[in-house]
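Nothing in this text is a laboratory measurement; each read-out follows from the coordinates by a stated rule. Treat the numbers as computed from the prediction; the structure is a model and nothing was measured. Neighbour counts run over all protein chains shown; Cβ positions are idealised from the backbone, glycine included.
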Amino acid sequence: MKGIYLAIPLIPLAAAVIAGIFGKAIGRTGAHTVTILGVAASFVLSCMVYADVREGLYFNGDVYTWGISGDWKFSVGFLIDSLSSMMMVVVTFVSLMVHIYTIGYMHEDPGYQRFFSYISLFTFAMLMLVMSNNFMQLFFGWEAVGVVSYLLIGFWFKKPTAIFANMKAFLVNRVGDFGFLLGIAGVIYIFGSLDYAEVFKAAPGKADMTAEWAWDAKWMTVIALLLFVGAMGKSAQVPLHVWLPDSMEGPTPISALIHAATMVTAGIFMVARMSPIFELSETALSVVMVIGAITALFMGLIGLVQNDIKRVVAYSTLSQLGYMTVALGASAYAAGVFHLFTHAFFKALLFLGAGSVIIAMHHEQDMRKMGGLRALMPVTYITGLIGSLALAGIPPFAGFFSKDAIIEAVHHSELAGSGFAYFCVLAGVVITAFYSFRLLFMTFHGRNRADEHTRSHLHESPLVVTIPLILLAIPSVVVGFMYFEPMLFGDYFKDAIHVLPEHDTLSRFGEIYGGATGTELIWKAITHGFVALPLYLALLGIFLAWLFYIKKPELPGKVSKMFGPVQSILEKKYGFDEFNQAVFAGGAVGLGKLLWSKFDAGLIDGVLVNGTAKSVGWISSIVRNVQSGYVYQYAFAMIIGLVALMSWMLFRT
Amino acid sequence: MYNYDAYMLSILIWLPIIGGMVVLATGDDSKAPIARTIALGVSIAVFIFSLALWGDFKNGTSAMQFVERHDWIRAFNIEYYLGVDGISMPFLVLTAFITIIVVIAGWKVITERVAQYMAAFLIIEGLMIGVFSALDSILFYIFWEATLIPMFLIVGIWGGDNRVYAAIKFFLYTLLGSLLMLVAFIYLYNKAGGSFSILDFHQTPLAMDAQILIFFAFFAAFAVKVPMFPVHTWLPDAHVQAPTGGSVVLAAIMLKMGAYGFLRFNMPITPDASRELDWFMILLSLIAIVYIALVALVQRDMKKLIAYSSISHMGFVTLGCFLFSAQGIEGGIIQMISHGFISGAMFLCVGVLYDRIHSREIADYGGVANTMPVFAAFFMLFAMANAGLPGTSGFVGEFLVILAAFAVNPWFAVLAATTLIFGAAYTLWMYKRVIFGDVANDKVAKLKDLESREVLFLSALAAAVIIMGVWPNPVLEVMHASVDNLVFQVQQTKILGN
């Protein structure tokens, strides 16, 4: 069995190495064949593992001992349970779709083989992350996906914006990892182990330990918050969200794979995995919930004013990640993970759909120059519509079930900040629906605003592009009602996620269905949707988008004039970038320059080192005069010395 | 089979030194190919012997192994006394490995005084192995000081435009430091009842004030070598002026002699003073990690940037050592070995560019990835390793030291962990400006990608970096017993009457 677990990440790694190192020898076809076969094999094996886990066949074991130091042991190993097996299927499936799609999207690119090598390498790293049975390997995968993300955002390394964005992404993530690593240090200090099972088993016993160094906070709060800083980096939560919109500088397939479906959800996965620790700190849960709520609402608002098709989807991703985070804070880990699951499909779909439009538009990304593509690109349109309905949370599409669960769970939460979070997630629903359909209407409806040349070449994308769209559209419809019951109310995650009874918001939410199961439950959930507020908020958002962008296209201009200051705040994205650039980047460089010129070169070298050398030189330049070489001077000195010596001897007595 | 173990250390010391003499004897540059070939042969032979040494090394004990002990200067009881334990043994293998790399790296680049160049590196190899295996303090001192001479020549002859300033600064800085160490040895000789044996020093009782003085005498020698803040300013100058091979040996091995000194001398000989002054060492280490990283950020010269990065990384070594825990010390030693690979590789990467364009200025580059994709890939790997990426050797030491620091005082770990951000910032910012972007100028446009010789030595280092990152355990196992013993020693008191 262990062999299969090992094969799942290692096959994509091998494919990445082959495509990367021997890319020239095997050519384009060779590169995409080997990587696609690799990830397909991984996907099939993941499905087998998933089926086994559903039958109750779990695994937790080490592959090898990475290192031993003192009484600490570090291992590389796998934990195969409901959470990891689900993630494995999602990762390999979306990765496979993106691999196939890439054939079409990148076919003109000179870095074709390199691209396939990177995305296969990413698949390896992401699998190591989700399959890990310990904190160290989690961190290993965590940083490795960060590096591949860095390489892929900067894939077009001639583009100044791309190589700025990739460095920014890496550094902001490193700020998160700074917290994460300290959290790991806290874990090994308190528990003496980094193995999940050991740590989680011992956690309740340490719930009341306080950390003197951290102003007597509870250790579990300290550890949870430090780990969450890592999650904030990877899952782009305010204020560490700034890298994600810029990451759109990378090719679209990786925006779908890395910056929407998989890597950015690693933070959500991590917190869900760490639920036994987070459950022990209501402070940490409140922080998680509030940060998530801020991200969900305020990042969605920015999405309203973007005109770049990819950026709209990017801000929508930020906002949805906020939703997942809110769910975690409300202890509805399963709902967060469920939303991660459904979101992976429909958001990958939306990104790949946007990519399909971008190919057709000859790499034009400005929605103001699109419009009316509906008739020309029917597959892209229909799948895009499905994705948008799922994102907006319209029943029976996938997003409806997961988002509804989050909103209801927050509603039932009693932690500090849950009222604010509830407001944010409700307001977010209108906004989500609005920007989703704004995108859809601006791109596919209305008048075609493209130039003559582009318009004459417009056509539906090739099959390698549309087939992945269709294959992603199917789960965007069905996974919601298929997994609603097992993931949220069944014992699906019982082995992986741990919720204290007093925090169990999901089962409180479930009570409204009065213990219904099967189709009855789904039916009740949908009918409940029709009597609850969120659906009407979503419909309001869609209606507004229709009003603004189809019915009365002159309205947006008027409204933005009316709300000029608000508009400009949103367009400046609340000024985070300017602030970071001026204060953190500028501050570090300024401080470095100051320390270098004043301290290193000025004080240490200038005064102390060369000063010593100079003073030696100065003294010797004086002393040197004594050694003039003139005999009369020597003789004179001798006489003076003799006189002085004799006088001293005479006067002494 | 004949047992070579009794001579193994002597072979490792004298084979390269004698080999160096032979290379020197090949004469002028008309015989350069012969000089190169002999040098390569000797360095490979030494490396094979060092691997044999590792193979025969017993992990379970903290006792000295491969001991050779002969009288040398009877009048002062100075001995030819060699031996290695789990702390010193890894450095022998590292030294032998790096020397091969340096010989290959200088193969085509050095065209003047080839025999002398190769000889200097072989001789310094033998001397450095001597430093790591000497158990008599005078023998140690002789090897220690003798390494200055070839390095002085390497910088002074094959160096850049300002090489004389740099060479003299390097020489005086380090010489001044080591003189105090000699004084300490003579004091200890008397205290130890007429023995210069380092292991005897470990047992010698000392009063607190004497320990403090001795601690600082050693500190003067070792802190300069590491180099620790604030006596680090010789290093950037020396690196900038040194030829690539010189920078590699300097960063990869010579700096480690300083940290090794702390482990071999300060901690076991003056344990009470070490415990008393741990705050001082930790403070300087943390300053090095944070302050020097900021200074590295604003460097315009690639070699200077890597030199400052070295100082910052060595801060982890001294931090780890003075946490007095097995994890901290092992992390520190791993960090030293890893830094040997990574800093060596980084300097070689700059050397590859310098050989082509003759500039170390970041501003003279840009878009190198367009013309040198293979090089860009290697440089990426080493840059990431320098930024401490998990899966590379650069992660292992920093990880262990940060974890160990947290256990002592979480705030130490908070400061040390800033390297995650700053280390990535200065490394990747340099990488971005040099490698990414459009072709910046004609010189970059004409760049030729790596030749097979360069691929060879960069691949060897890449393999070392990855293997040690993925599986550091074999190296950790070598040290356990000796490090545990050192942790025990440093917790003892040597003050009489206690």
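Structural remarks
- Candidate aspartates and glutamates - alpha carbon under 18 Å from A:LYS347, same-chain residues fewer than 8 apart omitted: A:ASP246, A:GLU249, A:ASP308, A:ASP404
- Shielding by other protein chains, B:320-332, mean Cβ within 10 Å: 2
- Neighbour counting of Cβ atoms within 10 Å sorts the residues B:GLU125, A:GLU578, fewest neighbours leading, into A:GLU578, B:GLU125.
- For the pair A:ALA635 and A:TRP213, the difference between a 0.36 nm per residue extended length and the Cα-Cα distance amounts to 144.5 nm.
- CD proxy at 222 nm, helix term only [per DSSP H run n ≥ 4: -39500 (n - 2.57); per residue of chain B; nearest 500]: -23000 deg cm²/dmol
- In segment B:4-491, Cα pairs under 8 Å separated by at least six residues give a relative contact order of 16 percent.
- For chain A, relative contact order (Cα pairs under 8 Å, six or more residues apart, normalised by length) works out to 12 percent.
- The distance linking segment A:156-171 with segment A:403-449 is 30 Å (Cα centroid to Cα centroid, whole angstrom).
- A Förster distance of 60 Å, applied to the separation of the beta-carbon atoms of A:ARG652 and A:ASP577, puts the FRET efficiency at 0.10.
- Checking every one of the GluC sites (Glu not before Pro) in segment A:105-213 against DSSP loop status and a limit of 10 other Cβ atoms within 10 Å picks out A:GLU108.
- Of the cross-linked pairs A:LYS168/B:LYS169; A:LYS218/A:LYS572; A:LYS310/A:LYS558, those separated by over 27 Å at the C-alpha level are A:LYS168/B:LYS169; A:LYS218/A:LYS572.
- Residues A:PHE157, A:PHE579 arranged by fewest to most Cβ contacts within 10 Å: A:PHE579, A:PHE157
- Rounded to the nearest 500, the 222 nm mean residue ellipticity of chain A from helices alone is -22000 deg cm²/dmol, with -39,500 (n - 2.57) taken per DSSP H run of at least 4 residues.
- Distance from segment A:370-384 to segment A:208-269 (C-alpha centre basis), Å: 35 Å
- The mean count of C-beta atoms from other chains within 10 Å of the C-beta of residues in B:393-406, rounded to a whole number, is 4.
- Projected label distance in nm at B:TRP14 and A:TYR64, using a 7 Å step from Cα toward the beta-carbon: 4.0 nm
- Angstrom value of the Kirkwood radius, inverse mean 1/r, which spans all Cα pairs in segment B:4-491: 22.3 Å
- Highest-first arrangement of A:221-234, A:36-49, where packing means the average Cβ count within 10 Å: A:221-234, A:36-49
- Average projection, convex hull of the Cα set of chain A: 45.2 square nanometres.
- Ranked by how many other beta carbons lie within 10 Å on average, peptides B:369-380, A:320-331 from highest: A:320-331, B:369-380
- Mean-position separation - Cα centroids, segment B:208-284 and segment B:1-63, in angstrom: 28 Å
- The label-point distance for B:VAL455 and A:ALA427, in a model that sets each label 7 Å from Cα toward Cβ, rounds to 5.9 nm.
- Here the residues B:LEU15, A:LEU555, A:LEU645, A:LEU469, ranked from fewest to most Cβ neighbours within 10 Å of their Cβ, fall in the order A:LEU645, A:LEU555, B:LEU15, A:LEU469.
- Our compactness index for the protein assembly as shown, the C-alpha radius of gyration over the empirical 2.2 N^0.38 Å, is 1.03.
- All lysines inside 16 Å of B:LYS256 as judged from Cα atoms, apart from same-chain residues fewer than 8 positions distant: B:LYS225
- Inter-chain neighbour count for B:471-482: the average number of beta-carbon atoms from partner chains within 10 Å of each residue's beta-carbon is 3.
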